[in-house]
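Chemist: Before anything else, here's the structure in question.
The values are calculated or read from the model by the stated rules, or taken from the named source; none is laboratory data. Since we're looking at a predicted model, the values are computed, not measured. We place every Cβ from the backbone using ideal geometry, glycine too, and count neighbours over all the protein chains shown.
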Amino acid sequence: MKKLHMIGNAHLDPVWLWQWQEGFQETKATFRSALDRLNEYDDFIFTSSSAQFYEWIEENHPEMFKEIQERVKEGRWVLCGGWWIQPDCNIPGGESFVRQGLLGQRYFSEKFGVTAKVGYNVDSFGHHGMLPQILKKSGMDAYVFMRPGPDEKGLPGRLFVWESNDGSRVTAYRIPFEYCTFGNMSSHIELCKPELTYAKDEGMCFYGVGNHGGGPTKENIEEIRSLKQSDQETEIIFSDPNQYFEQIKGKEHLLPVVHDDLQHHASGCYSVHSEVKKKNRDAENRLLVAEKFSSIASVMTHQPYPADYNRAWKNILFNQFHDILAGTSIQSAYEDANEMYGEALSISSRGLNHALQAISWDIQIDEEEGMKPVVAFNPHAWEVTTAVEVEWGIFGNYGSIADVHVVDADGNEVPHQFIKPHAKVPGRKRIAFMAKLPALGYALYKIRPGSSETIPADVTGRPNTIESDRYHITFDKETGGLNIYDKEHELQVFEGPAALPAIIDDHSDTWGHGKLHFNQQGESAKLLHIKVMEKGPVVHVVRVTTRFNQSTITQDFTLHAQSPRIDVKVKVNWQEQHKTLKLLFPLNLNHRTNTYDIPFGTITREANGEEESMQQWLDVTGTSKSVKKRYGVSLINDGKYSADILGNVVGLTVLRSPIYAHHDPYEVQTDESYTYIDQGMQTFTYSILPHTGGWESAGTIRAAHEVNQKCPTVVETYHQGRLPATHSFLSVDAPNVIVTALKKSEDGEGIVLRLYEAHQTETVASIHLPESEREVEVSFKPCEIKTLYIPLDVTKPVLETDLTEYNGAPLRSHDELLLRN
């Protein structure tokens, strides 16, 4: 007989058409209702996710929390999801997904004595393809979702095995029709019963009032009880996802395997509300950099590791709730989100400053008259050559660039130039110089009085041209469009003027429901001016400003010495409604392959013009039309999550400006006043990285991390110290192995290092830890995530652990990990 597992739940959006305070209250009301139903019906089972909800109850109603603990112990209140919240499953970075499970599962374990076995994101608007590995390594072997629906993503059945690039697999189930019920229970069950055919005759049917909470009602439960007695064809039982997937165990080999991401639902969510998305990226990266240097400072200088970093993560994770980060909540909800991001950024900045200054204060810096020492830090596990900008003083002695020179720790002069200071007062100076920084470490540079002996103070050139050893860059005098000629490989990178704004009519709702393409023929912006802003041996900047109606788009095209990238700082003052803004890049390439960055991996997609989600970069590699060689272009960003590729044209989506929380089928009224998203000023950076060969050999992933996690500096003074003028604390020799986190372990007894393989290539990487005199070899499967637990006691072995830091074991064999002392 077919079996239908009835899953009593209450879908709770803590923020959506209401603010979090209302969601907080509704959580209490919903949980109280669920407890009452459990008291009234001894066969009823309640399922709920999201550790954040339980922390709210624990802090605000401890008596109710104790009741929930008892029901969990009894097995009738079932914890699932294992994450802090049900987030957007495309936009957060890989490490954020790890922290969802780390904080969520540890909270469940510490407060309830159990962890979740089933991943649970029933309302998220799509799911990236590396989730199976993240779920598996967070203690979850199964996954429940609802979107995209059958009309948006064809799947071989409701029940299937979902596989990520590293080979990790979870059993996944797509909920039929709805995760909640508002009307007749019998009709809902009748809709679900035919779906059992596509789920091996055993499926789940979710019921209970949802979105704004509520949960199963007495009427729901009594109707199910009645149907259990009367239905002769289907066994109907009160159940939970754990029970369901337990019944499926042993049948996984009979299920179809899906190796893909699960898209598309509400494609407009990837780009709407630029501010919340940019703050998410900034907060993620600043906190990750802060954790790295706080870990180092705690070991090297005994600077206390900040106790409030997990508070910062909880703020970030809460704001990654799918209706917040997706941009689909009411305007006032984003005022709350700004406050939470502000707290997270403040915590991160304070912790980072303490760490950097503790380390820099411990560097031996000898006194020199008139000398200003600068310590530049590198947050990456590879050597970085970068332009460092420093602003200091108020009534300085240096009148021009000819009055100073910059030297490295060995006394060698490095290229430098004065650039426009941020402060517009006499004596405040800003200098840019080239720095070579060791892997995850620092280097001391000195700004000395006296003219340079070897470095030219300036260079000259035509106003609309940027020239380097690698590129000849010009700007179209009519449109301001970008043209790049690669001198080294003798080819034009673009087929026509690039980086041109395209303004597209977009009358879809906030989600972009029913709309997969945002690239219809658009209007152009008018060129206002092209202006040289900086020109010297370190940095050359040309500003292109365009206007559309009352909106302006300013792009500062920046070429740094010794860099293969062209960095573009963008400032948009947007005053349009019902428009999408894109920047277009027509590539001079044939036989193209399109690769998108996703959390902990990549995915290849078609050039069909559909709006796609992405993380820090996308790449198009093919063959040059002119010289017939393999060539490509990576487009990197520090806060955008959406793009399309139509033929050979890449469209980077900058913003969308619909009405706040406008949901189809509501019709916009011409005589009503609305508030529109993405109005006013916003800034972000994107980078163009042309390359021969593929993105792997071009170092695209490393370049993307350098754009997103910039090298911080401390302007120091002279003092005694134990540390040398330049030092590396950790390095990884494999260019395809990326360090995503270095943090204090949750037990406080060690440091946790997380890495992943980024090129889909089996690899053995050597990790060098100079301070503990350890060198660790780690073997990676393609796209595999590894988490290492490094005890502070150097006599204890390094362990490999899971993402929750609970299950660790010494790594013994060469195939897994070798320790060399």
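Chemist: Within segment 368-379, is even one residue part of a helix (DSSP H, G or I) and surrounded by 21 or more Cβ atoms within 10 Å (Cβ to Cβ)?
Modeler: Checking segment 368-379: not a single residue is part of a helix (DSSP H, G or I) and surrounded by 21 or more Cβ atoms within 10 Å (Cβ to Cβ).
Chemist: For S348, state whether it is outside any loop (DSSP other than H, G, I, E, B), touching a residue at least 24 places away in the same chain (Cβ under 8 Å), of a type outside the set (K, R) and touching a Leu at 6+ places or on another chain (Cβ under 6 Å).
Modeler: yes
Chemist: What is the residue count in segment 73-116 for residues that are within 16 Å of the chain's Cα centre (by Cα) and not hydrophobic (A, V, I, L, M, F, W, C)?
Modeler: 12
Chemist: On the basis of being part of a strand (DSSP E or B) and under 30 Å from D410 (Cβ atoms), does I738 make the cut?
Modeler: Yes, satisfied.
Chemist: Does V114 count as in contact (Cβ under 8 Å) with a residue 60 or more places away in the chain, of a type in the set (A, V, I, L, M) and touching a strand residue (DSSP E or B) at 6+ places or on another chain (Cβ under 9 Å)?
Modeler: Spelling it out, it is not the case that V114 is in contact (Cβ under 8 Å) with a residue 60 or more places away in the chain, of a type in the set (A, V, I, L, M) and touching a strand residue (DSSP E or B) at 6+ places or on another chain (Cβ under 9 Å).
Chemist: While we're on this one: Among the residues of segment 294-329 satisfying the criterion of being assigned to a helix (DSSP H, G or I) and of a type in the set (F, W, Y), which is surrounded by the fewest Cβ atoms within 10 Å (Cβ to Cβ)?
Modeler: Among them, the one singled out is Y309.
Chemist: Evaluate the following for S673: is it within 29 Å of P599 (Cβ to Cβ) and of a type in the set (S, T, Y)?
Modeler: The answer is no for S673.
Chemist: So if I check each of L482, L491, which one is under 30 Å from the mean Cα position of the chain (by Cα) and either crowded, with 20+ Cβ neighbours inside 10 Å or of a type in the set (G, A, S) (or both)?
Modeler: Just a single option satisfies the conditions, and that option is L482.
Chemist: Same structure, new question: So which residues in segment 161-182 are of a type in the set (A, V, I, L, M, F, W, C), under 21 Å from L135 (Cα atoms) and surrounded by fewer than 20 Cβ atoms within 10 Å (Cβ to Cβ), if there are any at all?
Modeler: Result: V161, single match.
Chemist: Could you count how many residues in segment 566-589 are surrounded by fewer than 21 Cβ atoms within 10 Å (Cβ to Cβ), out of contact with any Asp or Glu (no Cβ under 7 Å at 6 or more places or on another chain) and under 27 Å from V384 (Cβ atoms)?
Modeler: Result for segment 566-589: 1.
Chemist: Please pick out the residue among L753, L788, L689 that is hydrophobic (A, V, I, L, M, F, W, C) and assigned by TED's automatic domain parsing to the domain that holds I598.
Modeler: L689
Chemist: Can you confirm whether segment 217-225 contains a residue that is at pLDDT 95 or above, hydrophobic (A, V, I, L, M, F, W, C) and either in the same structural domain as G93 (by TED's automatic domain parsing) or under 30 Å from H354 (Cα atoms) (or both)?
Modeler: Checked segment 217-225: no residue is at pLDDT 95 or above, hydrophobic (A, V, I, L, M, F, W, C) and either in the same structural domain as G93 (by TED's automatic domain parsing) or under 30 Å from H354 (Cα atoms) (or both).
Chemist: Take the residues of segment 234-280 that are surrounded by fewer than 17 Cβ atoms within 10 Å (Cβ to Cβ) and of a type in the set (K, R): which is farthest from the chain's Cα centre (by Cα)?
Modeler: So the residue we want is K251.
Chemist: Now for a separate question. Just give me the residues in segment 291-307 being touching a residue at least 40 places away in the same chain (Cβ under 8 Å) and within 27 Å of W56 (Cα to Cα), in sequence order.
Modeler: The answer is E291, Y305, P306.
Chemist: Under 7 Å between Cβ atoms, which residue pairs at least 6 apart in sequence (or on different chains) link something in segment 588-609 that is without any contact (Cβ under 8 Å) to a residue 60 or more places away in the chain with a partner that is among the acidic types (D, E) and assigned to a strand (DSSP E or B)?
Modeler: Y596/E612; R605/E612
Chemist: When you check A661 against the structure, is it more than 26 Å from E490 (Cβ to Cβ), in a loop (DSSP other than H, G, I, E, B) and hydrophobic (A, V, I, L, M, F, W, C), yes or no?
Modeler: Yes: the conditions hold for A661.
Chemist: How many residues, within segment 203-219, are more than 38 Å from the chain's Cα centre (by Cα) and surrounded by 21 or more Cβ atoms within 10 Å (Cβ to Cβ)?
Modeler: Total satisfying the criteria: 0.
Chemist: Of everything in segment 89-121, what is in contact with a Pro (Cβ under 9 Å, 6 or more places away or on another chain) and more than 21 Å from H322 (Cα to Cα)? Give them in sequence order.
Modeler: Selection gives K117 alone.
Chemist: Of everything in segment 673-709 that's over 17 Å from the mean Cα position of the chain (by Cα) and assigned to a helix (DSSP H, G or I), which residue is surrounded by the fewest Cβ atoms within 10 Å (Cβ to Cβ)?
Modeler: Restricting to residues being over 17 Å from the mean Cα position of the chain (by Cα) and assigned to a helix (DSSP H, G or I), the top hit is S697.
Chemist: Also, I was wondering about something else. Quick check on my filter: what residues within segment 311-328 are touching a residue at least 60 places away in the same chain (Cβ under 8 Å) and among the charged types (D, E, K, R)?
Modeler: Matches in segment 311-328: K314, D323.
Chemist: May I ask you to verify whether P724 is surrounded by fewer than 22 Cβ atoms within 10 Å (Cβ to Cβ), modelled with pLDDT of 95 or more and under 22 Å from the mean Cα position of the chain (by Cα)?
Modeler: no
Chemist: Next up: Against the conditions (1) out of contact with any Pro (no Cβ under 8 Å at 6 or more places or on another chain); (2) modelled with pLDDT of 95 or more, where does E775 fall short? Just the number, please.
Modeler: Failed condition: (2).
Chemist: Are any residues in segment 176-202 of a type in the set (S, T, Y) and more than 18 Å from I224 (Cα to Cα), and if so, which ones?
Modeler: T197, Y198
Chemist: Right, here's the next one. Give the residues of segment 614-665 that are at pLDDT below 95 and over 19 Å from P497 (Cβ atoms), sorted by residue number.
Modeler: Across segment 614-665, the qualifying residues are V627, K628, K629, D664, P665.
Chemist: Now for a different question. Looking at this structure, is E202 within 19 Å of A34 (Cβ to Cβ) and not assigned by TED's automatic domain parsing to the domain that holds G126?
Modeler: No; evaluated as a whole, the condition is false for this residue.
Chemist: Something else now. Under the condition of being in a loop (DSSP other than H, G, I, E, B) and modelled with pLDDT under 95, which residue from segment 539-563 is nearest to H705 (Cα to Cα)?
Modeler: The extreme case among them is S563.
Chemist: Shifting gears a bit: Enumerate the pairs (first residue in segment 177-198 and aromatic (F, W, Y); second residue anywhere and in a loop (DSSP other than H, G, I, E, B)) with beta-carbon separation below 7 Å, excluding pairs fewer than 6 apart on the same chain, so at least 6 apart or on different chains.
Modeler: Y179/H11; Y179/V122; Y179/D123; Y179/M146; Y179/G210; Y198/G157; Y198/R158
One line per residue, one yes/no per condition, for (1) at pLDDT 95 or above; (2) surrounded by 14 or more Cβ atoms within 10 Å (Cβ to Cβ); (3) farther than 29 Å from N708 by Cα; (4) within 38 Å of the chain's Cα centre (by Cα):
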| site | (1), (2), (3), (4) |
| --- | --- |
| T386 | yes, yes, no, yes |
| G393 | no, yes, no, yes |
| A402 | no, no, yes, no |
| P421 | no, yes, no, yes |
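Chemist: Moving to a separate point now. Only one residue in M130, M185 is over 28 Å from L803 (Cβ atoms), crowded, with 21+ Cβ neighbours inside 10 Å and not assigned by TED's automatic domain parsing to the domain that holds G601. Which one?
Modeler: That would be M185, the only listed residue that is over 28 Å from L803 (Cβ atoms), crowded, with 21+ Cβ neighbours inside 10 Å and not assigned by TED's automatic domain parsing to the domain that holds G601.
Chemist: Of (1) farther than 23 Å from S468 by Cβ; (2) of a type in the set (A, V, I, L, M, F, W, C); (3) touching a Leu at 6+ places or on another chain (Cβ under 7 Å), I553 satisfies all except one. Which?
Modeler: Failing condition for I553: (3).
Chemist: Looking at (1) within 30 Å of Y660 (Cβ to Cβ); (2) outside any strand (DSSP E or B), which one does R225 not meet, given that it meets all the others?
Modeler: Of (1) within 30 Å of Y660 (Cβ to Cβ); (2) outside any strand (DSSP E or B), only one is false for R225: (1).
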